Every structure is written in structure tokens, then in C-alpha cells.
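I have placed the structure first, in the form of C-alpha cells, so that the comments after it can refer back to it.
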Amino acid sequence: MWLSDCRIVLPDGIMPRGSLRVEEGQIAEIVEGPAPRKRGGLRITAAGMTILPGLVDIHGDMLEREINPRPKASIPIDLALHELDKRLVATGITTAYAAVSFAWHKEDSIRSEERAREIMVTVNQLRPVLLADHYVHARFEITNPDAGKVLEELLMAEHIHLVSIMDHTPGQGQYRDIEAYVKFAVEWSKRTGENLDEAAVRARVARSQARPKSWDTVREIARLAHRHRVVLASHDDDTVEKVSLMDELGISISEFPVAYEAARSARECGIHVAMGAPNALQGRSLSGNLSAAEAIEAGLVDTLATDYYPASMLHAAFALVERGVMPLHEAIKLVSQNPADALNMTDRGAIAAGRRADLVFVETDGRPRVRGTLRGGVPVYWDSRMAQLSLLRRPNQEWEALAASD
């Protein structure tokens with residue numbers, strides 16, 4: 001199958017007008033200009049479109065919110081996953097790591113161990129039939145003394161593909177400013193229907209700070225992740241000392257560092273730095289921490305993740321180009337090749353011969369808009385614009401030929 005006459009975003013630059021051939025789910029050939037007429041096979045012509053590598057998201061919080069869109073609303077996990085899956089491929093995401101949180105206190109029953117296990121099992125069971133390639137990103141709080149036991153069991157079952165060490169205790173990390181946290185929590189509780197007042201939030205803060213932290217638990221989590229060859233990340237690093245400790249534990253990704261000095265220290269240690277795409281798109285952190293846009297301009301960021309908004313990855317990359325921060329091919333690496341490399345996924349993330357044909361057709365007049373997405377060379381999202389531009393308006397036997405060619 002040929003994808004012909006498009007602008008192609010390559011790892012080292014832009015091919016203004018080119019074509020690529022997909023064979024057995026992989027990119028087999030890339031040529032300048034339209035696809036050669038002398039060669040047979042199905043041809044999809046989409047002049048005016050830009051082809052990007054499929055986006056790779058290392059951290060998305062959306063599944064938990066899809067399951068519980070309101071405090072007392074609970075959607076079946078399989079239904080929520082299928083619906084989120086459709087949204088992801090429609091925004092160009094072909095590889096997605098669902099962040100699943102574990103909490104061992106009654107205040108957060110939505111993130112209970114039982115619920116977390118159920119989510120993980122469902123993601124792994126449905127992986128073969130989902131549109132995007134889904135994985136599990138397990139988030140373990142250091143205040144839980146049983147984390148090691150639970151993690152080992154889930155790793156043995158191959159339910160977990162990325163582990164991050166979390167500490168959401170107010171007074172450090174993401175919530176270094178207690179007063180800012182209290183204000184945020186009161187406002188957020190109104191949105192969720194809890195309607196907590198300032199006194200109730202401060203009481204929660206006190207209980208959270210009183211929970212004992214176990215660095216033995218952290219070391220056990222790190223040991224198990226390395227033993228099972230699962231990538232290990234830290235979360236919300238806020239000091240050079242914290243980064244140094246995480247480096248000693250063997251983390252390879254620093255997620256969402258909240259301070260400039262922490263991000264810089266991580267880069268100096270050779271640690272992959274990931275920040276939120278919504279932060280980069282908006283040009284600021286909603287909680288008053290490090291601006292992803294500023295960190296990118298300073299050369300401290302390797303990867304952008306959806307965090308809570310799937311479309312932010314694509315739009316943040318194009319926004320960086322519009323602001324003159326970097327050329328398009330470098331911006332796209334932040335959401336494709338770099339996260340794939342951080343996750344040791346060398347089969348995807350770039351448009352190059354031999355890589356998986358995870359590809360995205362984007363219309364770039366005005367705001368970028370995804371018009372079609374291929375995963376392994378198979379269309380998983382295809383809108384009316386792509387149908388009009390391409391040659392897929394042919395009879396059913398040619399759709400069958402497309403499927404057979406992949």
C-alpha cells in the first residue's frame with residue numbers, strides 16, 4: 001500500500017512532498033514526490049496532508065476519569081476503555097500508557113487497590129481488540145508499606161509495563177505550597193460535588209502528612225521493577241537532592257518535575273524528562289509549578305505526555321512551532337520518538353524504513369486536525385475528509401485488498 005503525495009515529518013527534517021510504502025504493517029520505503037506509477041498495489045493519495053508518526057503517550061490520567069466522570073457515577077471499565085480508545089486514535093495517539101493509581105485510605109476509594117487491579121486486568125484483556133496499543137502505567141505512593149508485595153504480584157502476572165514512584169503528600173513535590181494546595185483543593189471539591197471548606201481540606205492535609213513514608217518501600221519497588229525489566233520513573237521531583245536519590249534508585253524517567261533545578265539536575269544525570277502537554281500548550285502550570293514551555297525553551301524536556309487531555313500532545317507540538325521554539329520535526333519528536341525511546345520501544349515513534357506503520361494524517365490549515373490514523377498500517381480512524389481525498393472510495397473489494405495487504 002502506498003501513501004502518496006503528502007508532506008512527511010521525518011526524524012531529521014521535513015519532506016515537503018513525498019510518499020511511503022507500507023508492507024506487512026511496517027514502513028517499507030520512503031520516496032520523494034508521488035508514489036511511482038509503475039508499481040502496483042493500493043494507493044492512498046492525500047495531497048495537502050501532513051503525515052506524522054503515531055503519537056506515544058507515557059502518562060494519561062483519562063481512564064480513571066472516564067470510569068468515574070462524576071463522584072457518584074461509575075461507568076463499566078470495559079465501556080469506558082473502549083470509548084477512551086476511540087478518542088485517543090482520533091487525536092493521533094497510537095500507543096497509550098494508562099496511569100493507574102493505588103490508594104490505601106478510605107478518602108480515595110475510587111483509587112482503591114481492588115479498583116486498580118480491575119482496571120489493569122481489563123486493559124490487558126482488551127489489548128488485542130483495542131484501536132490503540134494500550135499499556136499499564138502503575139503509580140505507587142511511598143506511604144503504602146504493602147506496595148512491594150502488590151507490585152511483585154502484578155509484575156509476575158505481566159499486568160504492569162511502567163512503574164512510577166509517587167509522593168502526593170502536601171508540603172513537597174507538586175504541592176510544595178500548602179496555601180496554594182488548600183485553595184486548589186477547595187475549588188476542585190466544588191467541581192466534584194464534595195464541597196469541602198478550608199478547614200476540611202486542612203484536616204486532610206494533616207492526615208496525609210501524618211502517614212509514615214517508607215524509603216524501604218521505594219527501594220523495594222525499584223528493585224522489583226529492575227528485576228522484571230520494567231521502566232522505572234519518579235514523579236513530581238522538586239529538588240536536586242530528590243533527583244539524586246531517584247538516580248541512585250535507577251529511574252530512567254523524571255515525570256513532571258515541578259522546579260527548574262530538578263529538571264536541570266535530571267538532564268545532567270541522563271534521566272529522560274517528561275512534562276505535561278497541557279502545561280506546554282497553555283504556557284503555564286495550573287498549580288504554579290515549572291512551566292513546561294519555559295523548560296522546553298531551556299532544553300530541559302524530552303517528552304510531552306497527555307496528563308489529562310489527549311488532544312494536547314498534537315496541539316502542544318504545533319504550538320511550539322508557531323511560537324518559534326523549534327522546527328516541526330523536533331517538536332513532533334517530543335510526542336513520538338522521544339517517549340518511544342524512553343520506553344525502549346525501538347519499533348515505533350518515527351517515520352523510517354523498518355518501523356511500525358503507526359501513522360497520522362494531519363490537516364494543518366488553521367489548528368492542526370487529525371483526519372486519519374493508521375496503526376500497523378491498518379486504518380483505526382478515518383474521517384470524511386480522508387475519504388474524499390484518498391482513493392478509498394472504491395468498491396468493497398478494494399477495502400478487502402487493503403486488509404489483505406496488511
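Quick rundown of the values:
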item: Additional length obtainable on full extension of the chain from E248 to E297, 0.36 nm per residue less Cα span; result: 14.9 nm
item: Segment V129-E152, extension gain: residue separation times 0.36 nm, minus the distance between their alpha carbons; result: 5.6 nm
item: The range 1-141 shape via C-alpha gyration tensor axes, a/c threshold 1.5; result: prolate
item: Spin-label model distance (nm) - D216 vs R284, 7 Å beyond Cα toward Cβ; result: 4.5 nm
item: Column: log10 I(q)/I(0), Debye, Cα scatterers of the range 224-382, q = 0.14, 0.18 Å⁻¹; result: -0.73, -1.12
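Every number in this text was worked out from the coordinates using simple rules, so none of it is lab data. Just so it is clear, the structure is predicted and the values come from calculations on it, not from any experiment. Note: ideal-geometry Cβ built from the backbone for every residue, glycine included; neighbour counts use all protein chains shown.
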